[in-house]
Amino acid sequence: MNDSIEPIFIIGDVHGCYKTLLALIELFPNKQNSKICFVGDLIDKGPNSKAVIDFIKDNNYDCVLGNYEKYFIEYSQYLEKKLSYFDIKSWFGKNDGKETINSYKKDGMLDEKTLLEHSKWLQTLPLYLEYKDIKIKNRYLVVTHSHVFDKWKYKDYSKESREYRNFENTVLNSRLKDFDNLEIFNVYGHTPIEDLILEDYEVNIDLGCVYAKIIKGNEGKLCALEFPSMKIFTQENLD
């Protein structure tokens with residue numbers, strides 16, 4: 001490890017667990033002054049998605065887009081067009097968007113202005129982030145929401161191409177994939193797991209934090225990986 005390179009702390013799926021997030025960051029040597037990157041899925045399921053976005057946005061931390069952010073962006077477009085609840089019921093039901101909407105309410109009224117501002121910010125998030133100056137065993141760091149699998153080769157294709165759409169779908173939604181892309185070390189989340197398994201070329205850091213509250217008996221935690229030291233930090237759910 002080059003001591004002149006500032007380490008980066010990559011944080012797994014937060015899902016609205018704001019208190020837990022703050023407690024996790026307090027474990028870092030430089031706390032909120034650390035270089036931090038999030039793997040997406042900042043929102044939904046947990047109680048305070050709005051506060052999570054405010055915190056990351058205000059501190060200008062790095063973050064990639066997750067599939068739950070995609071749902072939020074779609075909802076905000078429905079809101080702007082004044083479409084009906086029927087148009088968004090799948091997000092409210094299956095994807096737990098109701099918790100997110102409730103976090104934007106004050107005295108029972110939805111703060112549409114802030115919600116739409118947050119949606120515009122989320123639309124600026126990239127699908128992946130490359131840190132070519134931070135390496136481990138000659139592999140540089142790539143952060144995505146889900147494992148890039150064998151689609152990394154398509155990242156520079158035209159966004160209108162079938163290959164790029166395949167790449168986008170993979171980094172947002174793939175589960176339990178395994179592929180060595182040789183030059184990169186891929187850190188991601190998306191699929192909750194019980195324990196981290198550090199491979200030579202990738203690691204999933206989603207320890208299912210939010211599920212510790214919504215699924216009885218689950219012991220999920222919020223996880224951060226310090227790269228390139230590979231030190232692991234975890235915090236039990238406080239939300």
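Things to note:
- Condition check for Tyr78: more than 28 Å from Pro7 (Cα to Cα) and either without any contact (Cβ under 8 Å) to a residue 12 or more places away in the chain or in contact with a Pro (Cβ under 9 Å, 6 or more places away or on another chain) (or both): yes
- Given (1) loosely packed, with under 12 Cβ neighbours inside 10 Å; (2) of a type outside the set (A, V, I, L, M); (3) part of a loop (DSSP other than H, G, I, E, B), number of the condition Pro126 does not satisfy: (1)
- Any chance Tyr157 is among the aromatic types (Phe, Trp, Tyr) and modelled with pLDDT of 95 or more: yes
- Any hit, the range 185-192, residues being open to solvent by less than 50 Å² (accessible area, probe 1.4 Å), out of contact with any Phe, Trp or Tyr (no Cβ under 8 Å at 6 or more places or on another chain) and among the aromatic types (Phe, Trp, Tyr): yes
- Counted residues, the range 219-233 - those being over 16 Å from the mean Cα position of the chain (by Cα) and open to solvent by 50 Å² or more (accessible area, probe 1.4 Å): 4
- Of all the numbered requirements in (1) in contact (Cβ under 8 Å) with a residue 40 or more places away in the chain; (2) more than 30 Å from Pro228 (Cβ to Cβ), Ser146 misses one, and that requirement is (2).
The values are calculated or read from the model by the stated rules, or taken from the named source; none is laboratory data. What you are looking at is a predicted structure, and each value in this text was computed from that prediction instead of being measured. All Cβ positions, even for glycine, are placed from backbone atoms using ideal geometry, and neighbour counts span all protein chains on display. Please note that ligands, DNA and RNA were not included when accessible areas were found on the heavy atoms of the full protein model with its side chains. Shrake-Rupley method; radii C 1.70, N 1.55, O 1.52, S 1.80 Å.
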